[in-house]
Amino acid sequence: MGTDEVIRLERVWKVFGEQAEDAIAAIQARGLSKAEVLGEFGCVVGIANCSFSVKKGEIFCVMGLSGSGKSTMVRHINRLIEPSAGSITVLGQDVLALSPDQLRKMRATNLGMVFQHMALLPHRTVRDNVAFPLQVRGEPKSRRWEVSQRCLEMVDLQGYEDRFPRELSGGMQQRVGLARALASDPDVLLMDEPFSALDPLIRRQLQDQFMALSAELGKTTVFITHDLDEAIRIGTRIAIMKDGRIVQIGTPEEIVTRPADDYVRDFVDGISKLKLVFAHSIMVPISQYRAKHWENLDASIRVSHATDLDHLIDVSTATEQPIVITADDGTDVGVIDKPTLLKGIQGGKA
Amino acid sequence: MSDMGMQGGPVAPSTAVGDFAGQNGAYYSAAFKRIQDTTGFAWSWNTMAALFGPIWGAARGVWGFFWMFLVLELFALVQLGRGLWGELGSQQLAKLDRALANIAKREAQAAELQAAGDAAGAEAKLKIAENLKKVAARAQEQADLAAAEATSILLIGLALLLLVKLLEGFYANIAYEAHYLKWRAKPQSQQAGIRTSSIVFGVVMVLAIVPLTLLRFTVTNPDQVLARLTGGLFGDTIPVTHFPVEKEYFSALSKRGDAGFDWAADNFSDAFDGITAGIRWFLDGLEILLLQTPWPVVMLVIVVAASRLAGLRVAIFTAASLAYLAFMGLWELSMITVALIGTGAILCILIGVPFGIWFGKSRRAYAIAEPVLDFMQTMPAFVYLIPIIAFFGTGKPPGVLATLIFAMPPVVRLTALGMRGVPETTKEAAIAFGCSPWQLLFNVELPLALPSIMTGINQTILMSLSMVVIASLIGADGLGALILESLQYAAKGQGLLGGLAILLCAMVIDRIAQGIYRKRVGGA
């Protein structure tokens, strides 16, 4: 995974309404709330002063409740919505400076998008739906068919090429949507609550399928969801939004172990931490441990610092000894005994 | 609390019945409680409402009550007036007078004829006079009867008035309670309590409506009676039965209109001729195709096309229809008609669909176009036939134009409707994949709007057929002319057969069009 930035948003604002600029100035000067802006300027704040960047190959989840501005934000990346202020860079290009033609070209070649309500074309077969981005780009039919065949295979829908969307179940339709987004072989995938409208079982299957695909293709992805479980399952990093603002950005572990405020903490409370908290964040440093305890740790089981709580529990049931945590180079860096582990599960240490 | 009224305060205004009613708050609180406690009809008597009737309704702002009982009381009062001072049977007496005058005239004519030696003619005139005498006698009888009815009409009027008062008394609280509920939902826009301005308005309405109406229905010559009552202040007669304007404004304006049309016809004749030529070119092409081509070929092509496009059942029906047209000797007329409406329908679609697309995309354009479309659809065809003749003369092209005006709105409207019905999410998805506006139109919007557009085209075809007879009025031949002719000579059989031919043409075209559409949707 490279570290180069693929997407960068800087101080992006979107205020819907005629007095947008005055409203932004007033918010910055006086820190008005969403309701106050609506009352004073008749403007609706979509997103307020949002900055983040997404690295190549990353799955960047944006999590928030309905109305928090997450769908508005993702539409800024391919400029389906024009920002009121701020700058947006995708693949090194200033998106806001593109001419309509250049913008269309970028959308058709670099950006794929999946929608909550699939938005498939009902009058076209599955194959022609998947090939749509290529058709827009003006590719010949043989190439369109070849690519759509390959993409349908990726989402396990071979054999359904000549069906119409209405003949498919919701989960299958969303897989067609995913195949369509992949058809143009984009650098960036934008996914706007793709699995929210599906029932839980299908949602989980699709998440798994998406993660497998993502691991294989390594596409940079911005993934919108209102479900923190989903964000934690698939996100490399997560941005949590509230009322148009980004409250916290971090890895799933950071979000769960160090919530930035009460709002995030409320969300995190219901999440199982066993697979998100790792040995290094609950262990007692080796020197500190040695200062208090005198027993010999040579016979103890040694595990990597990146072992999650779930695995640590398995290990600790098999031994009476404290567990020694090793760094990447194999040196002992910390110790986890039973009380430390239990505290860690409870979240006290974190 | 009941006499506090609405004292403005920072808290939400009170919704208590007492505060709503203002005066007599306690009474209304009790009355509304009774109504709200009862299921079904609640008997609740309101003396003030019964006494003052509509004025009570006005004072309280219950305008439905006001208007309803104003009309009912007026009706009862008219009966009373007729009974008290009405000149009953005056119409019959007038009829008697006319009959007597007529009899005298006939008898004089008879005497003249007798003197001239035409005995038969005199006999006839006398016979007429005899019949008229019978009429006169009957009128006399009825006039006497009507005069005798005065007392019973008076009694009926009294009974009606009493009944209306009872209704008012018993209905008032129910109406007022309903008004109270409306006031609770929207306190700003509904009146609470008694308002002087409302009373004044109510009284003015009563004064403006009741006396004149009463006068009109109880005396035979209201214009003169009113002049007498006002002491001749406004002349010998005051015209309340007829509006005192003759045709002066109308004829001045219509002359203006004539001049305007003449001017346009003179100055834009080239443009009008161009349009006529264009339509004629189209029409001739279709007519050559349908009429000059040997009839077996045309029939074969139509039947095969029907079976291919719409299936076997439609093909059989089409063959039967064509056989009817051919055996009735209506083949040529039918083909002329089909060419006429075909031209109309094709032009409607060519012009209407682009406009529909535009109106579907631009809300403002649609807002401007909507009244024009309404006008095109509701204006009687005869109204625009006149300027069409003035500009384009008579014959088939003007007939096609009239068809265009009448039959275009549905395809425009339904195209616009279909365009607006395309889900925003689908359009957004297409744009997200880099669609240009044209690609969006042809790949997404038009295909998704197609069902609606097809319905519009269907409507347009059927409406053009219904214009065939009207178009024949300005000289377009075909089956329409056949029917017009049978109308002129009251040829019932010819009219029926011609009408059936038009019906069959319409059904064949409609079934084929629907068949194409159904096949597309079913298979697509």
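The values are calculated or read from the model by the stated rules, or taken from the named source; none is laboratory data. What you see is a predicted model; the values in this text were computed from it and never measured. Heads up, the Cβs are rebuilt from the backbone with ideal geometry, glycines too, and the neighbour counts pull from every protein chain shown.
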Query raised in the report: Which of (1) away from chain B (no Cβ under 14 Å); (2) assigned to a loop (DSSP other than H, G, I, E, B) does A:L121 not meet, given it meets every other one?
Result: (1)
Requested in this report: Could you please tell me which pairs satisfy a Cβ distance under 7 Å, a separation of 6+ or placement on different chains, a first residue in the stretch A:227-245 that is over 13 Å from A:D261 (Cα atoms), and a second residue that is crowded, with 19+ Cβ neighbours inside 10 Å and among the acidic types (D, E)?
Outcome: A:T236/A:E58; A:R237/A:E58
Query raised in the report: From B:V298, B:V304, which residue is surrounded by 13 or more Cβ atoms within 10 Å (Cβ to Cβ) and more than 36 Å from the chain's Cα centre (by Cα)?
Result: B:V298
Report task. List the number of the failed condition for A:L198; all other conditions in (1) away from chain B (no Cβ under 14 Å); (2) assigned to a loop (DSSP other than H, G, I, E, B); (3) in contact (Cβ under 8 Å) with a residue 40 or more places away in the chain hold. Result -> (3)
Query raised in the report: Taking into account only those residues within the stretch B:437-465 that are of a type in the set (S, T, N, Q) and touching a residue at least 40 places away in the same chain (Cβ under 8 Å), which is farthest from the other protein chains (Cβ to nearest Cβ)?
Result: B:S464
Query raised in the report: Does the stretch B:386-407 contain at least one residue that is more than 23 Å from the chain's Cα centre (by Cα), surrounded by 19 or more Cβ atoms within 10 Å (Cβ to Cβ) and under 21 Å from A:F115 (Cα atoms)?
Result: no
Query - Hits in the stretch A:318-332 - residues which are loosely packed, with under 13 Cβ neighbours inside 10 Å and out of contact with any strand residue (DSSP E or B) (no Cβ under 8 Å at 6 or more places or on another chain) - result: A:A318, A:T319, A:E320, A:D329, A:G330, A:T331
Query - Tabulated pairs, the stretch A:105-117, first over 19 Å from A:G138 (Cβ atoms) and within 7 Å of another protein chain (Cβ to nearest Cβ), second hydroxyl-bearing (S, T, Y) and surrounded by fewer than 24 Cβ atoms within 10 Å (Cβ to Cβ), C-beta under 8 angstrom, 6+ apart or interchain - result: A:F115/B:T425; A:H117/B:T425
Query raised in the report: Would you pick out the residues in the stretch B:361-399 that are in a helix (DSSP H, G or I), in contact (Cβ under 8 Å) with a residue 60 or more places away in the chain and in contact with a Lys or Arg (Cβ under 9 Å, 6 or more places away or on another chain)?
Result: B:K396, B:P397
**Report entry** Yes/no for A:M191 being more than 30 Å from A:N49 (Cα to Cα) and either of a type outside the set (S, T, N, Q) or free of Cβ contacts under 8 Å to residues at least 12 places away in the same chain (or both)
**Finding:** no
**Report entry** Residue that is farthest from the other protein chains (Cβ to nearest Cβ), among those in the stretch A:124-161 that are in contact (Cβ under 8 Å) with a residue 24 or more places away in the chain and polar (S, T, N, Q)
**Finding:** A:S148
Report summary line: Of the residues in the stretch A:162-181, those that are buried (at least 17 other Cβ atoms within 10 Å of the Cβ), within 12 Å of chain B (Cβ to nearest Cβ) and either basic (K, R) or under 20 Å from A:V74 (Cα atoms) (or both) number 3
**Report entry** the stretch B:323-338, subset within 13 Å of B:I302 (Cβ to Cβ) and free of Cβ contacts under 8 Å to residues at least 60 places away in the same chain, residue surrounded by the fewest Cβ atoms within 10 Å (Cβ to Cβ)
**Finding:** B:A323
Query - Any strands (runs of 3 or more DSSP E) falling wholly within the stretch A:1-93 and containing at least 1 residues that are out of contact with any Lys or Arg (no Cβ under 9 Å at 6 or more places or on another chain) - result: A:5-16
Query raised in the report: Any idea how many residues of the stretch B:409-427 are in a helix (DSSP H, G or I) and either in contact with a Pro (Cβ under 8 Å, 6 or more places away or on another chain) or within 13 Å of another protein chain (Cβ to nearest Cβ) (or both)?
Result: 6
Query raised in the report: Could you say which residue among B:G399, B:G456, B:G421, B:G395 is on the phi > 0 side of the Ramachandran plot and assigned by TED's automatic domain parsing to the domain that holds B:Y517?
Result: B:G395
Query raised in the report: So which helices (runs of 4 or more DSSP H) stay within the stretch B:207-288 end to end and still have 1 or more residues that are farther than 27 Å from B:F391 by Cα and among the hydrophobic types (A, V, I, L, M, F, W, C)?
Result: B:222-229
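Based on what the data block shows, is A:D269 under 15 Å from A:E253 (Cα atoms), out of contact with any Asp or Glu (no Cβ under 7 Å at 6 or more places or on another chain) and free of Cβ contacts under 8 Å to residues at least 12 places away in the same chain?
Taking the combined requirement at face value, the residue satisfies it.
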Query raised in the report: Within the stretch B:259-282, can you find the residues that are surrounded by 11 or more Cβ atoms within 10 Å (Cβ to Cβ) and over 24 Å from B:K396 (Cα atoms)?
Result: B:G260
